Amino acid sequence: MERRRLIQAATVGVGLTAMENNERLRQLLSLDRDDDSRSVEEWERTCEDMRHWLCTRPVGKVREAIGIELDALLRERQRASPALREDLLRIQAALAALYANALGRLSEHEACLRWWRTARQAADASRDQRLAIGIRATEAGNTLYGQRSPNSVLELTRTAHGLSKGVPSWGLVYVLCAQARAAAVLQRHDEALAALRQAEDLVGGAELPALSVMPSYWNDGRPTEWTASLVYAGAGDESRSEQARTPVLSHKDYQYRAAARLHRALCTVVKGGVVEGLVAATEIIDGVVPGHRTNTVTHTALLVLQAVPQKHRESPAAVELRVTLGMDV
């Protein structure tokens, strides 16, 4: 009788999204209240699934899905043995990082920073050093797009670099890539190139150890190519930017494909083709479907605007790009 009443209440779904409502119904209809218990390996597969969805599906839906998994993880940790609870901290760090990533894509900046802090704390508590460095590195790289100033991002990379003690890892690659991109945005091109080359040397050297959870989040993200595309574009080096950008254009993450195309527009503006670059950026933004027009994409378009010389910032092409981005004119 009680379950019937709860199911009837759930079907009303007041204040719930369709995904949340369906998940509540699934839980209530479960014959075994503990049937959601998963092994660590199953949780690791869940993290990989969420990461794949984040790259390929509209981010609003994925945020809901990750939130449901975080809720399930909390219940799992509450009934797990002490030893398993510690192991599940790695899963918590990974899911929290994915959730922070999703919030950042949705421009929910304050919540995004809070979830990055949660991911950091879980990684530290797990006592997995590589994971702790990897989380800090991806936090630095992701928060460059509107959540933090470039100087704050550089400070984060210095902290993460110190934690790594220079030991080669995918986390250190991402630290150096975040440093390079932040320096490029600040137009400190020599510093950006030096950090990029260090990252490329790491990737081209001995095989880097995989992280303990969600390894594809780091080792198939093409971090050096994505970084080189921006660094060389900001320096006006069209041929090297194009060479780096080519593999990024086939990346499975739709936001990186769009942002990489905007790097080309940025390079065009830097080289003096202001109107051509602005028109190209406007066409790229126009062509991105709304569900894929993430904060990373729109913020990259802002970098194109910022590269425009002051005397051209009220030109029709600049105004058109601002209108397309929904900015006040």
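The values are calculated or read from the model by the stated rules, or taken from the named source; none is laboratory data. Remember, it's a predicted structure, so these values are computed and weren't measured experimentally. Backbone-built Cβ (ideal geometry, glycine too); neighbour counts: all protein chains shown. Just so you know, the surface numbers come from the protein's heavy atoms only, side chains and all, with ligands and any DNA or RNA stripped out. Shrake-Rupley method; radii C 1.70, N 1.55, O 1.52, S 1.80 Å.
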Open item on the list: With Kirkwood's inverse mean 1/r over C-alpha pairs for Rh, give me the Rg to Rh ratio of segment 241-328, two decimals please.
Closed with: 0.96
TODO: Work from the charge dipole of the chain (Cβ charges, +1 for Lys and Arg, -1 for Asp and Glu, about the Cα centre) and give the residue of Tyr217, Asn295, Ser239 farthest towards its positive end.
DONE: Asn295
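For the chain, give the magnitude of the charge dipole about the Cα centre (Cβ charges: +1 Lys/Arg, -1 Asp/Glu; no others), in debye to the nearest 20. Present the calculation step by step, with values, prior to reporting the outcome.
Numbers: 42 positive and 41 negative charges, 89 e Å.
In debye, rounded to 20, the chain gives about 420.
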TODO: Quick one: compute the contact order of the chain, relative version, from alpha carbon pairs under 8 angstrom and 6+ residues apart, as a percent.
DONE: 13 percent
TODO: Mind ranking Arg148, Arg79, Arg127, Arg245 by accessible surface for me, highest first, 1.4 Å probe?
DONE: Arg127, Arg79, Arg148, Arg245
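With +1 on the Cβ of every Lys and Arg and -1 on the Cβ of every Asp and Glu, and nothing else charged, how large is the dipole of segment 96-159 about its Cα centre, in debye rounded to the nearest 20? Could the numbers behind the result be given before it?
Working: 9 positive and 6 negative charges, 25 e Å.
With only Lys, Arg, Asp and Glu charged at Cβ, the dipole is about 120 debye.
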- [ ] Could you work out which residue, out of Glu64, Glu225, Glu41, moves most in a Gaussian network model of the chain, that is, has the largest mean-square fluctuation with Cα springs under 10 Å?
- [x] Glu41
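Once you have the Cα-Cα distance between Val40 and Thr246, take 0.36 nm times their residue separation minus that, and quote the gain in nm to one decimal. Before the final figure, lay out each step's value.
Numbers: separation 206, 0.36 × 206 = 74.16 nm, distance 3.68 nm.
Extending this stretch completely gives an extra 70.5 nm.
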Open item on the list: Kirkwood Rh over alpha-carbon pairs of segment 128-210, then Stokes-Einstein at 20 °C and 1.002 mPa s: what D in µm² s⁻¹, rounded to an integer?
Closed with: 173 µm²/s
Task: Candidates Val185, Val289, Val308, ranked by Gaussian network fluctuation over the chain, Cα under 10 Å, top entry - done: Val289
Task: Highest-fluctuation residue, Leu230, Leu74, Leu176 considered, GNM on the chain with Cα pairs under 10 Å - done: Leu74
TODO: Would you kindly compute the Cα radius of gyration of segment 40-125 and its largest Cα-Cα separation (Dmax), both in Å?
DONE: 12.5, 37
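Run through every distinct alpha carbon pair of the chain and return the Kirkwood hydrodynamic radius in angstroms, one decimal place. Please list the in-between numbers first.
Values: mean 1/r = 0.0477 Å⁻¹.
Taking every pair of different Cα atoms in the chain, averaging 1/r and inverting gives 21.0 Å.
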TODO: For segment 95-124 and segment 157-225, write down the distance between their C-alpha centroids in whole Å.
DONE: 20 Å
